[in-house]
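Notes follow once the structure below has been shown.
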Protein chains: 2
Amino acid sequence: MYICLSMKSTNLYKGSLVTIILKLLNEHDKMYGYEITQKVKEITKNELQLTEGALYPALHKLEAQGLLDVEASKVGNRVRKYYKLTEAGTKETVEKLAELESYIRNMRALVNPKFRNE
Amino acid sequence: MYICLSMKSTNLYKGSLVTIILKLLNEHDKMYGYEITQKVKEITKNELQLTEGALYPALHKLEAQGLLDVEASKVGNRVRKYYKLTEAGTKETVEKLAELESYIRNMRALVNPKFRNE
DNA sequence: AAGTAATACATAGAATTTATATGCATAAAT
DNA sequence: ATTTATGCATATAAATTCTATGTATTACTT
């Protein structure tokens, strides 16, 4: 019904979608797109709502890059596409998580002088 | 000499440039562009190097939005453009910092189950 | 029973942000 | 004398995400 749920007003989340997807798949083994959007809403208490216009293309790209495998599954008359990490995807997840920690460390240092000691 | 210093390989920093600029100006009162790039390098121990192709347009935009004031200053035969926060800029800084904290909280919850309890 | 909301996929085009690659010029260091 | 650092700038490309759609099934509500 044509209502678009967006990544809030801030654009800090730009660049973090892949990290989110990989980490959730790393934790849950196998998920489908819609399930990912709901899980993100739940964990962030509605503060972050992924847009489908960003999520689905991202999933397709990760699959094309060999980081995800897909498996279609019929539930009633409706199709779900379950995604799971490949081996390469698992490695990439580790890298992305390290990048996130580095990002958070640097941003904290930039905005909070008391985090600047080493 | 045409060497371009970039925001590293990750794209997590997308969307955080404005936050960085505002916070540094909030702390240092008055800074010029090149000085900002050096301060960021120093604080992040070279992990983050702002590109001038992103920084200067961002400064111009913040000025056009009324968040920054500019004052040109000659040092020898060279011109520096000092930027400082306007009142609106100071308010915006507070908002941007709150958004960053919210972002970090949500991302931590997403990637680390132990941060999910409230 | 009918209408609405939720589930579940998808895509095209716009918008936003940043990177790349330049350009010019002065001052300092080798 | 030459290179590096300082200091500004911009245009185009690249990357990511948003907006606005579209289709279809299932569940819920009145």
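What nm distances, shortest first, do you get from the label point of A:Asn77 to those in the other copies when the point sits 7 angstrom along Cα to Cβ?
Nearest to farthest, the other copies are at 8.1 nm.
Residue by residue through A:45-58, how many Cβ atoms from other chains fall within 10 Å of the Cβ on average? Before the final figure, lay out the partial values.
Details: counts 4, 0, 5, 6, 0, 0, 0, 0, 0, 0, 0, 0, 0, 0.
Mean inter-chain Cβ contacts per residue within 10 Å come to 1.
Would you mind giving the mean number of other chain beta-carbons within 10 Å of the Cβ of each residue in B:107-116, as a whole number?
Details: counts 12, 3, 6, 12, 15, 5, 2, 0, 1, 4.
Neighbouring Cβ atoms belonging to other protein chains average 6 per residue here.
Relative contact order (percent) for segment B:13-118, with alpha-carbon contacts under 8 angstrom and 6 or more residues of separation? Kindly include the intermediate steps, with their values, before the conclusion.
Details: 96 pairs, mean separation 29.9, N = 106.
The value is 28 percent.
Pick from B:Gly76, B:Gly89, B:Gly15: which residue has the top mean-square fluctuation in a GNM of chain B where Cα pairs under 10 Å get a spring?
B:Gly76
Amide H neighbours of A:Met31 under 5 Å, counting only residues 5+ apart in sequence or on other chains, H built in-plane at 1.01 Å?
The answer is A:Tyr83.
Output the 0 to 90 degree angle, nearest 10, between the alpha-carbon long axis of helix A:33-43 and the longest principal axis computed from the alpha carbons of chain A.
40
Could you check which residue among B:Lys96, B:Lys74, B:Lys41 shows the biggest mean-square fluctuation in a GNM of chain B with a 10 Å Cα cutoff?
B:Lys74
Closest to the B-onto-A rotation axis, which residue of chain B has its Cβ, and how many Å off the axis is it?
Closest Cβ on chain B to the axis mapping it onto A, in Å: B:Lys14, 2.
If r is the Cβ-Cβ distance from A:Ser73 to A:Glu27 and R0 is 22 Å, what FRET efficiency results, to the nearest 0.05?
Details: r = 20 Å, r/R0 = 0.90.
Approximately 0.65, to the nearest 0.05.
For A:Glu42 and A:Arg108 in one chain, what is 0.36 nm times their gap in residues minus the Cα-Cα distance, to one decimal in nm?
Working: separation 66, 0.36 × 66 = 23.76 nm, distance 2.56 nm.
Between A:Glu42 and A:Arg108, full extension yields an extra 21.2 nm.
Name the residues whose placed amide hydrogens come within less than 5 Å of the amide hydrogen of A:Leu68, ignoring near sequence neighbours (fewer than 5 apart) on the same chain.
Long-range HN contacts for A:Leu68: A:Glu63, A:Thr86.
Could you state the angle between the C-alpha long axis of helix A:52-64 and the longest principal axis of the C-alpha atoms of chain A, as a value from 0 to 90 degrees rounded to the nearest 10?
80
How far is helix A:17-28 tilted off the main Cα axis of chain A, in degrees rounded to 10, range 0 to 90?
Tilt relative to chain A: about 70 degrees.
Compute the FRET efficiency between B:Tyr56 and A:Arg80 as 1/(1 + (r/R0)^6), taking r as their Cβ-Cβ distance and R0 = 41 Å, and round to the nearest 0.05. The partial results should precede the final answer.
Details: r = 47 Å, r/R0 = 1.16.
The computed FRET efficiency comes out at 0.30.
Put a point 7 Å out from Cα along the line to Cβ at A:Ser102; what are the distances to that point in the other copies, in nm, shortest first?
Label point to label point, same position, other copies: 2.8 nm.
A short reminder: the numbers here are calculations on the coordinates, not readings from a lab. Predicted model, so just to flag it, every value in this text is computed and none were measured. Quick reminder, even Gly has a Cβ in these numbers, built from the backbone with ideal geometry, and neighbours come from all protein chains shown.
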